[in-house]
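Before any comments, here is the structure.
The values are calculated or read from the model by the stated rules, or taken from the named source; none is laboratory data. Owing to the predicted nature of the structure, the values given are computational and were not obtained by experimental measurement. Cβ placement follows ideal geometry from the backbone for every residue including glycine, while neighbour counts extend to all protein chains displayed. What goes into the accessible areas is simple: the full protein's heavy atoms, side chains included, and nothing from ligands, DNA or RNA. Shrake-Rupley method; radii C 1.70, N 1.55, O 1.52, S 1.80 Å.
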Amino acid sequence: MKIFIDGQYYDEENAKISVFDHGLLYGDGIFEGIRAYNGRVFKLKEHIDRLFHSAKALLLTIPMSHAEIMKAVVDTCRENNLRDAYVRLIVTRGVGTLGLNPNRCKKPSVIVIAGTIQLYPQEMYDNGMEIVTVPTTRNLHNAVNPAIKSLNYLNNILAKIEANIAGVEEAIMLNSDGYVAECTGDNIFIVRGNELLTPPLSAGALYGITRAVVMEMAREGGMQVSEPNLTRYDLFIADECFLTGTGAELIPVRKIDGRVIGSGKPGPKTGSLVEKYRALTQTSGDAIF
Ligand code: PMP
């Protein structure tokens, strides 16, 4: 595997960063998870836009242009001869001192790792997954804003640990007002009749790129799409529920906090969106080869 670090490719054993990098010392940095299908990088521009927005919020100056970062992602897939890939793009604050002042960091580092990912077992895609609500709430907007895809994911990791303790793979996180925000690494949707509902970004949801694609596909398919505040009760009485994310794609949910959702099996609207999403990923994106 060839890994891109600051304009050079390194073998896995030599792909290293300093122990003084503030990405390691303080989680001071940002990232993106991007997917390539069938020789094309899916929604690359949208991911790089979000990366630059995260950087702006953290006053982190990415030492490469938008176009250069896009090229680095495509080139790293090509360098590794990958037609299908999961790409992790990271920008750290860079090497600094042991104090937390980011002004001591001379230059942010850009890292691109192109590999593969299988987040959940196939069985869950076929039959739906079971999830639970956990005690750890989503970050407040006036703390590290939950829209920032920062290297500091401990809040979500805590929620994931709580899900694991409960014997499931994913957790619903509520915000401090008790409304549903999203899951630890995925956005959440429910189907109610011909309506598709997902929490608004103001509830603490990440501006998910898969979320945006699914909302557009549903609108095109004649569904009514809206973003109201949702409670756990709304989830329990939904006809269908599914999660979205670059890594997870679309995954049906069959049980929430012990309540069976709808028929307890992946529903028809979910099934149709899964198929449309698959078809789209196979045919659109920035060409690698
Ligand atoms: N929420 C969180 C907290 C995430 O980390 C992610 C990305 N894994 C998502 C939602 C899904 O976003 P996207 O569809 O852009 O991958």
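Conditions tested, residue by residue: (1) outside any loop (DSSP other than H, G, I, E, B); (2) open to solvent by less than 70 Å² (accessible area, probe 1.4 Å); (3) at pLDDT 95 or above; (4) within 19 Å of Y120 (Cα to Cα).
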| site | (1), (2), (3), (4) |
| --- | --- |
| V132 | yes, yes, yes, yes |
| R138 | no, yes, yes, no |
| I148 | no, yes, yes, no |
| N155 | yes, yes, yes, no |
| L158 | yes, no, yes, yes |
| A163 | yes, yes, yes, yes |
| G167 | no, yes, yes, yes |
| I172 | yes, yes, yes, yes |
| D177 | no, no, yes, no |
Checking I117, I30 in turn, the sole residue that is within 16 Å of the ligand (Cβ to nearest atom), surrounded by fewer than 21 Cβ atoms within 10 Å (Cβ to Cβ) and hydrophobic (A, V, I, L, M, F, W, C) turns out to be I117
Within the range 33-68, residues being of a type in the set (V, I, T) and away from the ligand (no atom under 16 Å from the Cβ) number 2
Those residues of the range 54-74 that are assigned to a helix (DSSP H, G or I) and either of a type in the set (A, V, I, L, M) or open to solvent by 30 Å² or more (accessible area, probe 1.4 Å) (or both) come to a total of 12
Selection from the range 191-202 of residues more than 12 Å from the ligand (Cβ to nearest atom) and either open to solvent by 10 Å² or more (accessible area, probe 1.4 Å) or free of Cβ contacts under 8 Å to residues at least 60 places away in the same chain (or both) yields R192, G193, N194, E195, L197, P200, S202
The residue from G221, G208 that alone is over 26 Å from T116 (Cβ atoms) and either of a type in the set (G, A, S) or within 16 Å of the ligand (Cβ to nearest atom) (or both) is G221
Residue pairs qualifying under the 7 Å Cβ cut-off, at least six apart or on distinct chains, with the first in the range 203-230 being under 22 Å from G33 (Cα atoms) and the second being part of a helix (DSSP H, G or I) and more than 15 Å from the ligand (Cβ to nearest atom), are M217/K276
